[in-house]
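Working notes, structure below.
Nothing in this text is a laboratory measurement; each read-out follows from the coordinates by a stated rule. Everything numeric here is computed off the predicted structure, so don't read it as measured data. Here the Cβ positions follow ideal geometry from the backbone for every residue, glycine too, while neighbour counts run over all protein chains shown.
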Amino acid sequence: MLAFSAVQPQNTPRSVRGRSAALVSFPRPALGGRRLTPQQSFAITSRLALATMGLMFALIVVGSIVRTTGSGLACPDWPLCEGRLIPRFESHVLIEWTHRLLALLVSLLLFATVFWSAVRREVRSRIGGLLGLAVLLLFAQVMLGALTVWKLLSPAVVSSHLAVGLLLFATLLTIAFIAAAESESEPEPVEARPTRTPGLLPLFALGTILIYAQAVLGGWSAPARRRSRAPTGRPAAASGSRP
């Protein structure tokens, strides 16, 4: 009986033993047949964040073109443009429609970055909070973009739209920098790091806050200046929406 028990595992079908051993000894490979290291995961996260930043920078530039050309209400509805996905070919309409198209692409790329980071435990544990903040800022930005149209270019809404957009851009920049630093295979020793000039960090923070405030105030004052130059008897909202 003892001898039979000792040899009984050998009578198990070879295919079953081989499948069990594969499940125990060889975990499922990732991406391209090989498991990514944490450094490689962080490197891909950094590239995705940088790509999202680049597209968002283009979105900010096109947004300024929308403002300077007075195309903010060229599409009077939201999310469609004149009730259509593809609008008519008119300069102001196309400028505003391009702005919305870039906003959609930024949203998709940001969600791709968040999804990639969420399935990578080491990335999620390091920058998960920043990624959650980026998603919240994105939703706020989308709603403010809709309110910009619904409230007929209200200065408060337009300035809030710009303020949240700049915060989202700064959040993506922080994510890219942190992920790039974590992607280094060998962290730089503390002794080898350059010494920080005393008082430089507070000065940098103060400069950043002043630049941010100046940008937001500029977004607030532009609609006010345009309204003040509106001809007598012409609706202010209409003068702010067309050149």
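Could I have the simple spin-label model distance between residue 156 and residue 111, label points 7 Å from Cα toward Cβ, reported in nm to one decimal?
With each label placed 7 Å out from Cα toward Cβ, I get 3.1 nm.
In square nanometres, what is the average projected area of the Cα convex hull of the stretch 36-185?
So the mean shadow area of the Cα hull is 8.8 nm².
Using the basic label-point model (7 angstrom from Cα toward the beta carbon), what is the residue 143 to residue 180 distance in nanometres?
3.3
Got a sec? Which residues in the stretch 138-158 would a label at residue 211 touch, if it sits 7 Å along Cα→Cβ and we count backbone N under 17 Å?
Under cut-off, by backbone N: nothing.
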